[in-house]
Amino acid sequence: MEEVDVEPITTLIPGIDFTQKHLGFVWGPGDILVYETKHKASGTASGGQGCPFVHVVRKDEDIYSPILRKLFNESHHIFVGLQKIKEEVPNKNKKPQFVSISKNYRSVIRACMEELQQVAVSTRDAALATQYGNQVSILLAVELIWNLCEVLFIEAAPAGALQLHLLDWVRLHKADVDEKAREVLQSESPAEHSAFWDVAISYVLQGRTDEARQVLVKQATLQPAARAMFKLLDSLLMKMPIYNPGGTQTLTEFDVKWRHWHEECDRCLQDNSFASNRHLEAICKILVGDEDTLLEYKGLLGTWYHFLVTRLLYSHPTVKPTELYYYAQSSMDMFLDTRSAPEPLDSILLAAFEFDLHQVIKDCSIALNNWWFVAHLTDLLDHCKLLQSHNLHFGSNLREFLLLEYASGLFTHHSLWQLAVDYFDHCPEFGRVYLELQVERVPLDTERKALKVLRICEQRQMAEQVRSICKIMAKRALRNDRLGSALSWSIRAKDAAFATLISERFLQDYCARGTFSDLDLIDNLGSAMLLSDRLTFLGQYREFHKLYGEKRFNEAATLLLSLMTAKIAPRSFWMTLLTDALPLLEQKQVIFSADQTYELMHCLEELTAGQAVPSNDRPMQEEDVESTRIELLRLALARNLAQAIVKEGTVEA
């Protein structure tokens, strides 16, 4: 996309005088942090109290509006549905689907607009009412532009049908006529109401000849002398040809019929048939497409594009799409004050009439305060194969660029970030890279949110992000002494080092309290215990306790011995294991064989060999307890060895 050719809007920050103070800033994913620095601006006097606040400057405030969040949520469903339309279906056959999707987008905009209008009327907060009013104005403009793009690009209506679509477009966005008509018709004397002729002429300006005739009948009954004039005008309005795209009449036949009708209207003017009634004469002049008369009713038309559509209806109803820009430009020049620059909306609509899609999207990107509109419209137009020539010079195409910008904005919101994932998924070139970067910025406030993020990453095989999330949650759980949760997260992260650390904590906890916490987790480790030696030992040691509790002493003894001889158990835990062997050694029946007892003796001697020299660091009482324990173990082992030798000798004999 080209460089922005307009000056950016200046954002004033309350409490900061940027002419007197230097400002520092830090870019964020969707906003900027701004703060005062101590640096003095050149030429200014020093002193004065600085601003103690850090200000958050957001580009897109709309995502924080609860009503507009509905717009984002609903349009997300439509977007996902659009992506599922199969590529292999010919584009001509998909046109009705695209038109239907476009109407769905517009209905969502309309629903939000109506809700905002209701809230704006009901609220007592003036500032809030103004804010909602501004949002309604923006949505009105957005829906106006989208509707025109639907007519010109998606429907791509040909000559004849194009005029009918443009009439519908204008009628939809100029709905105040019906309100005024209701007010007039519900009054005691509609024909004498001050707004009567405004209503009648407004109907004619919108090509609603049937409604205009019904209104004019009320005036005719009041003026018997002018009944012939009213009857003549009623006849002209009734005879006005309307093109029917689905009918048997060709465009050429319609054009001939329309020209005959137009000449009849012109003859009535030339004959001064309505000279005695200026209102009826004005209506007849509108029917022949008199531009000066149309411009006299600027107030009723309201906008130059309404003027354009009315002008085409009564002077060139078979206008071709390629001729639209000429009429649009001349209508805008005639209707607007040439001394003032056109509004952004006028420029956007003019670019649409010129069929310059790229310019429409560019101008909308500059004029609107978020990427919602341009991202969704561009995506739809891209599916219609209308943006093939607009590729960017820096990687992705225009569609992907705008979707990435829109989704990145959603990721800054605490709940809308989940919608952004689907947008990234449908950006084939850079979507995954953006998602990987943005996922790392999602604050993992709760375990539930962390699991959501984790599920998203696992579904997309984002191994690095999965490990990162699990490590963060494991460390947080460990800091809060939630060992079970910490171990579960570290297993999920496949982090052997951290799993070893947490296993150590479990063992320390066991040594201090004599019981294991989170038994369900340890009991169901399964193959996960193979992640690290220490975790394997933790699982096996818990298995030993289960066997002992079930009185399966022989199996428990074999497992306990294997933990020591295979060097799986940490050396610091050997004494605990040997102490656990004491109840088995004291059983009436011999559980440890002579060879197994020799192994246990060897382990005890190996453990006590390094403790021959008393340590000054350990209290005397603790050393006495340790010595007593060792003596008890030696005694129990010697007794068990004797019993085992006797038993084995007796069996052999």
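Structure notes:
- Filter pass, Arg482 being surrounded by fewer than 21 Cβ atoms within 10 Å (Cβ to Cβ) and at pLDDT 85 or above: no
- Test: residue in the range 407-420 that is touching a helix residue (DSSP H, G or I) at 6+ places or on another chain (Cβ under 6 Å) and open to solvent by 50 Å² or more (accessible area, probe 1.4 Å): no
- Tabulated pairs, the range 255-281, first open to solvent by less than 60 Å² (accessible area, probe 1.4 Å), second among the aromatic types (Phe, Trp, Tyr), C-beta under 6 angstrom, 6+ apart or interchain: His279/Trp197; Leu280/Phe274; Glu281/Phe274
- Here Ala129, Ala111, Ala120 are screened, and the one residue that is touching a residue at least 40 places away in the same chain (Cβ under 8 Å) and either in contact with an Asp or Glu (Cβ under 6 Å, 6 or more places away or on another chain) or on the phi < 0 side of the Ramachandran plot (or both) is Ala111.
- In the range 430-455, residue farthest from the chain's Cα centre (by Cα) [restricted to those that are crowded, with 20+ Cβ neighbours inside 10 Å and within 18 Å of Ser490 (Cα to Cα)]: Leu454
- Selection over the range 180-209 of residues that are exposed (fewer than 15 other Cβ atoms within 10 Å of the Cβ) and touching a residue at least 12 places away in the same chain (Cβ under 8 Å) gives a count of 4.
A quick yes/no check of all residues on (1) closer than 24 Å to Ile13 by Cα; (2) of a type outside the set (Val, Ile, Thr); (3) at pLDDT below 85:
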| residue | (1), (2), (3) |
| --- | --- |
| Val56 | yes, no, yes |
| Lys70 | no, yes, no |
| Lys84 | no, yes, no |
| Asn134 | yes, yes, no |
| Ile145 | no, no, no |
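The values are calculated or read from the model by the stated rules, or taken from the named source; none is laboratory data. Quick caveat, the model's predicted, so the values are computed rather than measured. Here Cβ is always computed from backbone atoms with ideal geometry, including for glycine, and neighbour counts include all displayed protein chains. What goes into the accessible areas is simple: the full protein's heavy atoms, side chains included, and nothing from ligands, DNA or RNA. Shrake-Rupley method; radii C 1.70, N 1.55, O 1.52, S 1.80 Å.
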